[in-house]
Amino acid sequence: MIPKLSIVLLVFAAMAMAEANDTTLPMRVQSVLKLRALPDDTLSIYIEDLDSDEVVLRWHEQVPRNPGSTIKLVTTLVALDVLGPTYQWQTDVYALGEIEDGRLHGDLLIKGRGDPFLVTERLWQLLRRVRQAGILDIDGDLLIDDSYFDVASHDPGAFDRQPLRAYNVAPNALLMNFKVVRYWFEAEPDTNSVRVWLDPPLKNLSVDNRLSLAPGRCRGYQRGITISANEAVDRITFSGVFPSGCRRYAMDRTALSHNEFAFGLFMSLWHEAGGGFSGGWKNVTTPQGVEPLIEFESMPLADVIARVNKHSNNVMARQLLYTLSAEVLGEPLAGSVSIDREQTLAALMRLLAYAGVFWLAVQLGRAPARARTIVWTVALAGFAYSVYGLVIEFTGSNTILWYQRWAYADSLTSTFVNRNAFATYAGLSLVAALGLLLDEIRRGSGGALDAAPNLVWWLESLPSRLGALALMALVIGSALLLTGSRGGLLSSLVGIVVLVAGFVAVPGSRPIVAGGIAAGAALFVVAIVGLSGDVVLGRFDQAYEDAVGRSEVYTLVWTAILDEPWLGAGYGTFESAFPLIRDASVDTELVYDKAHNSYLEFAFETGVPAFALMMGLLGALAALCVRGVRRRNHHRVFPCIGVAAAALVATHALFDFGIQMPAVAATFCLLLGAACAQSWPTRGPPRRRSGARA
């Protein structure tokens, strides 16, 4: 109702231009707003004289608004530009059988191509052409081919819980009469009843008239009529009290499915013209090589557009949009839950690849030696990338491998383009290196940490590999800090804290050992911050400004999730979908191909159910690793690393998109898979009972 009101207000504004200056709202418009109990500041108007370039009226023109039905102007303008004003839709009729003495011995097939104005009068003209072609009676069925549009599943009540309203009709390649029936109601005082009839009359639509007649003036919402339908929408029930003061009253509502409606309207008009037909209907695809009997052309596009905009017809605008897509693509437009199937397919393939990495890690990681090899590989790879990044940083090179660097020239990114992505990867590598370091301490002490009699004995018994692992961790940590990524540093610290807690916060651990490990970890963090922390610490000064900018994006994405909570825009389509919801609150100079919050982005793309399923799955895997930390006596390092990696990634996903980078996602799945494989408690062979036979 509000979108239509906005058009009315614009018309009033144009009529009242003479009575106001360019910054005063005309009195007629003020009267309409007052009648609707709408504040003046809820309306935006901008009117300019195209001949003189003079601004005739402006009113809150800089305030972003939902365009509502005025967006149809964009659709129709594009249609005029792409298709041309003389464009016509074509509806083909095929006779699938011999025509003899006015009788078709076979089926009649109608193929639609999206005509948005195939109303009752136009369909009557089409059927008249069929009769002129020599067909008076049809022995077979009516075959319907509406495959030119492949419309996705459509819930007509999703918009406003009014599924029978004409403006909620889904597009269809063989749309007839907008799939709308006009119900007429007439008071009959002589019989104290209400007569109801349909236009057009549809024999496959039944009406249950439960209306009662009562004295009264002809007024009130829907004149007291309540309308309801069964699930198939082939039985309409009217109930309520109809005022006797109404001589006649009409109500337009939708009925049936598209194919059922087409069949019912065809039967009604065909029999009305005296034609013979007693068959049913089938939905088919037109056979190849069959020539049409009739090619029925629609009204020109210019005439159709006039009706679209004058009456703000939703389904006609949708038909036009589908036609545009089909004509531009050169093929029928397929309905989809994704706004970009190719992007969604690519994203799903990446997701399957990550799942494959996880599965392989689970299988290989069942053997502790192989699980250790996986973690060592991650740590060594992170060390190698960090060394390369440090060399590039301190030599002043401005390249990524053999490519010229085009972003983040003041930050260490190694072979990555984005500093935040490398920071997440470095954080995972650092967790792997520190996990191995702590495990070497355990193994070097000859047993569990609580087996050490004192710290001196503990330190003197450390193996030689400790120095190498400490150097690796120091190099990776320095590279991490030089990225300048605040989120990378914060999430890595969370991962380190969780890792250390996994080693020391275990039942039976001695406080002195736990304190030593915690103090050592803290000393390590202080050391790398002291060596390389100036870059990232300096960037915390602008954290508030960046947070304010991203909060606008978060608000828009969150609102879009609430608007489309079930299916989302399509997995992997944020870059294409975000411009559709972006408004003036977001800095126009910035390009957002990611939401900078992986949780919001995933929910926006896939819908809330898929988001909940993914979070539940990842949460279950993390819980399995926590179980391993608590129950594993040997090889506890692997579940500790798994929990730490999950904590790191989960934290960083709150304010950036590192986990969406393939290298980061694959590395995380590799560590998590090995951790899950080693999180099940091992059991020795069952003990024999005393006296049992050998």
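Here are the numbers:
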quantity	calculated
Test set (1) over 24 Å from T424 (Cα atoms); (2) at pLDDT below 85 - L537 fails condition number	(1)
Residue match in segment 269-292 (condition: closer than 30 Å to T70 by Cβ, modelled with pLDDT of 90 or more and not aromatic (F, W, Y))	no
Residues satisfying the stated conditions in segment 614-641, i.e. closer than 21 Å to T667 by Cα, outside any loop (DSSP other than H, G, I, E, B) and not hydrophobic (A, V, I, L, M, F, W, C)	G616, G619, G628, P639
Filtered residue count, segment 123-171, keeping only those that are more than 38 Å from the chain's Cα centre (by Cα) and open to solvent by 40 Å² or more (accessible area, probe 1.4 Å)	10
Members of segment 317-344 that are open to solvent by 40 Å² or more (accessible area, probe 1.4 Å), part of a helix (DSSP H, G or I) and touching a residue at least 40 places away in the same chain (Cβ under 8 Å)	R318, L321, Y322, E327, V328, R341, Q343
Complete set of residues in segment 47-59 that are within 38 Å of the chain's Cα centre (by Cα) and either surrounded by 15 or more Cβ atoms within 10 Å (Cβ to Cβ) or over 24 Å from L33 (Cβ atoms) (or both)	I47, R58, W59
Boolean, F602 is in contact with a helix residue (DSSP H, G or I) (Cβ under 7 Å, 6 or more places away or on another chain), without any contact (Cβ under 8 Å) to a residue 60 or more places away in the chain, more than 20 Å from L428 (Cβ to Cβ) and hydrophobic (A, V, I, L, M, F, W, C)	no
Where T377 falls short, out of the listed (1) open to solvent by 40 Å² or more (accessible area, probe 1.4 Å); (2) closer than 30 Å to V169 by Cβ; (3) part of a helix (DSSP H, G or I); (4) not hydrophobic (A, V, I, L, M, F, W, C)	(2)
V181 vs. criteria open to solvent by less than 20 Å² (accessible area, probe 1.4 Å), touching a strand residue (DSSP E or B) at 6+ places or on another chain (Cβ under 9 Å) and over 30 Å from L321 (Cβ atoms)	no
Hits in segment 380-397 (condition: open to solvent by less than 70 Å² (accessible area, probe 1.4 Å), assigned to a helix (DSSP H, G or I) and modelled with pLDDT under 90)	I392, E393
In segment 200-241, the residues that are in contact with a helix residue (DSSP H, G or I) (Cβ under 8 Å, 6 or more places away or on another chain) and either without any contact (Cβ under 8 Å) to a residue 12 or more places away in the chain or charged (D, E, K, R) (or both)	K203, D234
Near pairs, Cβ below 7 angstrom, 6+ apart or cross-chain, from segment 144-157 (among the hydroxyl-bearing types (S, T, Y)) to any residue that is in a loop (DSSP other than H, G, I, E, B) and open to solvent by less than 50 Å² (accessible area, probe 1.4 Å)	S147/A173; Y148/G112; Y148/G114; Y148/A173
Within segment 398-432, considering residues that are within 20 Å of V475 (Cα to Cα) and among the charged types (D, E, K, R), the one least open to solvent (accessible area, probe 1.4 Å)	R419
Selection count where residues are free of Cβ contacts under 8 Å to residues at least 60 places away in the same chain and not in a loop (DSSP other than H, G, I, E, B), scope segment 264-298	2
Search result, residues across segment 359-370 that are under 34 Å from the mean Cα position of the chain (by Cα) and open to solvent by 40 Å² or more (accessible area, probe 1.4 Å)	W359, L360, Q363
Verdict on V497 being closer than 30 Å to R419 by Cα and modelled with pLDDT of 50 or more	yes
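Let's see how each residue does on (1) among the aromatic types (F, W, Y); (2) surrounded by fewer than 18 Cβ atoms within 10 Å (Cβ to Cβ); (3) modelled with pLDDT of 95 or more:
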site: I581; (1), (2), (3): no, yes, no
site: A595; (1), (2), (3): no, no, no
site: F604; (1), (2), (3): yes, no, no
site: R636; (1), (2), (3): no, no, no
site: T667; (1), (2), (3): no, no, yes
site: Q678; (1), (2), (3): no, no, no
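The values are calculated or read from the model by the stated rules, or taken from the named source; none is laboratory data. Computed from a prediction, not measured in an experiment: that's the story for all the values here. Cβ coordinates were reconstructed from backbone atoms using ideal geometry, including for glycine residues, and neighbour counts include every protein chain displayed. When the accessible area is computed, the model is the full protein with side chains, heavy atoms only, and any ligands, DNA or RNA have been set aside. Shrake-Rupley method; radii C 1.70, N 1.55, O 1.52, S 1.80 Å.
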